[in-house]
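Worksheet for the structure shown next.
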Amino acid sequence: MAPDPERLHRPAGVDAVVRALADMTVERVAGAPAVGPVAPPPSPPPVTVTAEGIGADRALRVWAEQLAPACIAVDHPRYLAFIPGAPTPLAGAFDMLVGASSIYGGSWMEGAGAVLAENEALRWIADLAGLPERAGGVFVSGGTVGNLSALVAAREHARHTRSAVPARWAVCVTEETHSSVVQALRTVMDVDAVLVPGDARGRMTGAAMRATIDALPAERRDGIFAVVATAGSTNLGVVDDIAGVGEIARANGWWLHVDGAYGGAGLAAPSVRELYAGVEHADSFIVDPHKWLFSTFDCCALLYADPARARAAHMQHADYLDALNADADWNPSDYAIHLSRRARGLPFWFSLAAHGTDAYRDAIEHTLAVTRAGAELVRAAEHLDLVVESDLSVIVFARSGWEQADYARWSADLLRRQIGFLVPTRHRGRPCARLAVVNPLTTADDLREIFDSLR
Ligand SMILES: Cc1ncc(COP(=O)(O)O)c(C=O)c1O
């Protein structure tokens, strides 16, 4: 049979399939999904990838009836594990259009309109942090790639500005620094981590950092090129002493990277803004809109105070790229470890533009108020202990007398009964549970129900 060039790209009945997908999207964003999987993953799995194709209708049915029900709803108000997501319906819907529009977000030449919109959203974040006018960056897939890209830029900068290269490069972190940073340093970059002991709540402080570096042998200290401060630790929701550690970094000519993948959104909330003092001196800063800024996966805003340093590290060179690199255009590809990229900041931009930044401020403040009410419930409960005072929207709590296995049983039972999704954790070896609130639809009553379930 002669090949039909239109078979894939102009299939008959495509409009009806797109409408069906749009209808399912409307239903999903307006509806109230169950928190847990409502069905186990189909076993044996349905055979869907075949030589002839099963047709869009059947593939869609398999998705809707067998596969989607085996996924947890991360945006459910009682999904409180890890760091949840809570994309606005506008962000979710716009993501659908972005995906269908084949927008290339890597270069100004190809995607100027998209880049312009993404940059306006990045500017809002840069202004919240008080970064300089020239600051800029790019949306990458997540905090992991954001942290890695920033640290690679930091080391390139050190390599090109130092008179001598140390035997081993090193970066200051704490035990609460996110695993992605340690992974970036040790496994990807072959860089040492200098462990600064956290204070009672795990915060990196200027005093502890000074004591740590003073105690290091000179050749180890000489290898330090950056400090990672965490603006909202994942497990505890605690913000490091950014001003204190930043001052030491500046005095030593070290790069200050601030990891706000989860907690950076708190910059928009007046009630906690004070905690971030010093972030305005960051050389690089990340925050994930797919966490507490109400956008869709996968989206991390990566900002540099001086983007030229990042460009020097990340811009790729090849004959076929000369056409893009010839002008001083703003090419998002130049600011992280990637080349091709989807314009993943657009769903965030669309929702932010439509709702306005005040609505974001209010929504983040609301989640903080609900968390504070939840922490109060824990303090008042005889069966529970508040393990650590969080700065942001995390609650870490322990049930008297419970071991790790009790938490694991409770967690599985909550999900099975569709009450909520939380997972056990540990704090300094002590088994406990934690929750994170990023969804403005989560209520104090939701938290009360969770806490009551540990009686
Ligand atoms: C503080 C912090 N940094 C980095 C990350 C990694 O982000 P991602 O999962 O988007 O790669 C997380 C994820 O929870 C985080 O909380």
task: Could you tell me which residue of segment 133-149 is farthest from residue 185 (Cα to Cα), considering only residues that are within 12 Å of the ligand (Cβ to nearest atom) and of a type in the set (Val, Ile, Thr)?
output: 140
task: Test residue 198 against the criterion of being modelled with pLDDT of 95 or more, buried (at least 19 other Cβ atoms within 10 Å of the Cβ), within 15 Å of the ligand (Cβ to nearest atom) and over 13 Å from residue 171 (Cβ atoms), and give yes or no.
output: yes
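What do you reckon, is residue 115 β-branched (Val, Ile, Thr) and in contact with a Phe, Trp or Tyr (Cβ under 7 Å, 6 or more places away or on another chain)? Walk me through it before giving the result.
Working: β-branched (Val, Ile, Thr): yes; in contact with a Phe, Trp or Tyr (Cβ under 7 Å, 6 or more places away or on another chain): yes.
In short, yes.
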message: What pairs come out if I take residues in segment 440-455 that are without any contact (Cβ under 8 Å) to a residue 12 or more places away in the chain and pair them with residues that are in a loop (DSSP other than H, G, I, E, B) whose C-beta lies under 9 Å away, six or more apart or interchain?
response: 452/381
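Only residues that are β-branched (Val, Ile, Thr), modelled with pLDDT of 95 or more and either part of a strand (DSSP E or B) or surrounded by fewer than 17 Cβ atoms within 10 Å (Cβ to Cβ) (or both): list them for segment 143-195, please.
Of segment 143-195, the ones β-branched (Val, Ile, Thr) are 144-145, 152, 161, 165, 171, 173-174, 177, 181-182, 187-188, 191, 194.
Those still in the list that are modelled with pLDDT of 95 or more too: 144-145, 152, 161, 171, 173-174, 177, 181-182, 187-188, 191, 194.
The answer is 161, 171, 173, 187, 188, 194.
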message: Among the residues of segment 26-40, are any touching a residue at least 12 places away in the same chain (Cβ under 8 Å) and touching a strand residue (DSSP E or B) at 6+ places or on another chain (Cβ under 8 Å)?
response: yes
- prompt: Do we find a residue being part of a helix (DSSP H, G or I) and modelled with pLDDT under 95 anywhere in segment 324-337?
  reply: yes
- prompt: Going by the conditions given, is residue 396 part of a strand (DSSP E or B), in contact with a strand residue (DSSP E or B) (Cβ under 7 Å, 6 or more places away or on another chain) and touching a residue at least 12 places away in the same chain (Cβ under 8 Å)?
  reply: yes
message: If I go through segment 201-225 residue by residue, how many of them are within 15 Å of the ligand (Cβ to nearest atom) and in a strand (DSSP E or B)?
response: 0
message: For the list (1) under 26 Å from residue 340 (Cβ atoms); (2) within 16 Å of the ligand (Cβ to nearest atom); (3) part of a helix (DSSP H, G or I), I need the number of the one condition that residue 310 fails.
response: (2)
- line: Per the filter on segment 59-108, residues of a type in the set (Val, Ile, Thr) and either modelled with pLDDT under 95 or assigned to a loop (DSSP other than H, G, I, E, B) (or both) are 72, 74, 83, 88, 103
message: List the residue pairs whose Cβ atoms are under 9 Å apart, where the first residue sits in segment 44-69 and is free of Cβ contacts under 8 Å to residues at least 24 places away in the same chain and surrounded by fewer than 10 Cβ atoms within 10 Å (Cβ to Cβ), the second is part of a loop (DSSP other than H, G, I, E, B) and not acidic (Asp, Glu), and the two are 6 or more positions apart or on different chains.
response: 47/54
message: Being under 30 Å from residue 159 (Cα atoms), away from the ligand (no atom under 16 Å from the Cβ) and either of a type in the set (Gly, Ala, Ser) or crowded, with 24+ Cβ neighbours inside 10 Å (or both): is that true of residue 268 here?
response: no
task: Tell me, yes or no, whether segment 290-306 has at least one residue that is part of a loop (DSSP other than H, G, I, E, B), away from the ligand (no atom under 12 Å from the Cβ), touching a Phe, Trp or Tyr at 6+ places or on another chain (Cβ under 6 Å) and among the acidic types (Asp, Glu).
output: no
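The values are calculated or read from the model by the stated rules, or taken from the named source; none is laboratory data. Note that the structure is a prediction, hence the values are computed from the model and not measured. When we count neighbours, we look across all protein chains shown, and the Cβ atoms used for this are built from the backbone with ideal geometry, even at glycine.
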